[in-house]
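Trainee: Got a structure for you, questions after.
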Amino acid sequence: MAAKARTREDYARRIARAAALIASRPEATPRLEDLATAAAFSPFHFHRVYRAMMGETPAETAIRTRLHHAALTLLRGAAPVAAVARETGYGSVEGFTRAFRAAHGVPPAAYRAQGGIGLPMQMRNPSEDKDMIDVSIRTLPGLRLAGMDHRGPYMEIGEAFQRLEIWGRGQGIVNDATRWFGIYHDDPKSVPASALRSQACITLPADATVEGAVRLLELPERRVAVLRFQGPYAELEGAYAALYGTWLPESGEEPEDAPCIEEYLNDVRTTPPAKLLTDIMMPLKVRVAA
């Protein structure tokens, strides 16, 4: 292996240790010195290396992770806003409210009251004069993916994506053309959160190989129903409810025995949560001509 490639992979492994340290305690951002030590870099250089490889600073990673957890807590529980602020590492309700409003466009209490800010993309049904969720049926071409397994709550898969991205950058295969997918095997309503199975994935060039915790996934071409959702990842569960509970029974379609796939269409680091776009893909059985 060329010296340049070895150095790039070594840097990726070291930065991954720092990113894992941030993810392990989103409510308490580790000190710069602790992160630098985890990555075996001098504190004088760690910050610049991290930003160059991750596309954001350690503080930005921590804030984004913290607010993601806050959104989940607000939607799924009844704890007072002050308790959510403390749980996610904010010293005051005022500071938490400012940060949450800046990211989500509404204060925490309003976010909870209205059940979030995201919506499935909709279309107007002229005959009934009402909005319906817009689901398209497409052929998803076969995909060659590098995947990293995640076991546990789906909303914590972000750490696997971070480790996968760092690995991909170490291999020199992550660029503007890279596509990002999540594969989800279980129903979170029927499987314990600790046992949920998923993979964080990126497209893998034909000449690239995988190693270690990263494995090759080759998905066949398949027919899929696609629901595009705009909004925070914390709200995707509601989009699944619309796809399965509203669209599927009316569609005349049958789901295939294969896991759902999500494709993430913009960069979570530079896109406000309200503008994030996710394609939720439900594999469908092939229709047999009558």
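The values are calculated or read from the model by the stated rules, or taken from the named source; none is laboratory data. Everything numeric here is computed off the predicted structure, so don't read it as measured data. In this analysis, Cβ positions are derived from the backbone assuming ideal geometry, glycine residues included, and neighbour counts consider all displayed protein chains.
Trainee: Across segment 248-263, what is the number of residues that are surrounded by fewer than 18 Cβ atoms within 10 Å (Cβ to Cβ) and either outside the structural domain of I202 (by TED's automatic domain parsing) or not small (G, A, S) (or both)?
Mentor: 9
Trainee: Which members of segment 147-189 meet the condition of being charged (D, E, K, R) and more than 24 Å from Y244 (Cα to Cα)?
Mentor: Going residue by residue through segment 147-189, those that are charged (D, E, K, R) are 149, 151, 156, 159, 163, 165, 169, 176, 179, 186-187, 189.
Listed by number, the residues that qualify are D149, E159, R163, E165, R169, D176, R179.
Trainee: Looking at R124, R112, R98, R51, which is the one that is basic (K, R), part of a helix (DSSP H, G or I) and at pLDDT below 90?
Mentor: That would be R51, the only listed residue that is basic (K, R), part of a helix (DSSP H, G or I) and at pLDDT below 90.
Residues are listed down the side, and each one gets a yes or a no for (1) at pLDDT below 95; (2) crowded, with 18+ Cβ neighbours inside 10 Å; (3) touching a helix residue (DSSP H, G or I) at 6+ places or on another chain (Cβ under 8 Å); (4) not in a loop (DSSP other than H, G, I, E, B):
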{"site": "S194", "(1), (2), (3), (4)": "yes, no, no, yes"}
{"site": "D207", "(1), (2), (3), (4)": "yes, no, no, no"}
{"site": "L216", "(1), (2), (3), (4)": "no, no, no, yes"}
{"site": "F229", "(1), (2), (3), (4)": "yes, yes, yes, yes"}
{"site": "L243", "(1), (2), (3), (4)": "yes, yes, no, yes"}
{"site": "T246", "(1), (2), (3), (4)": "yes, no, no, yes"}
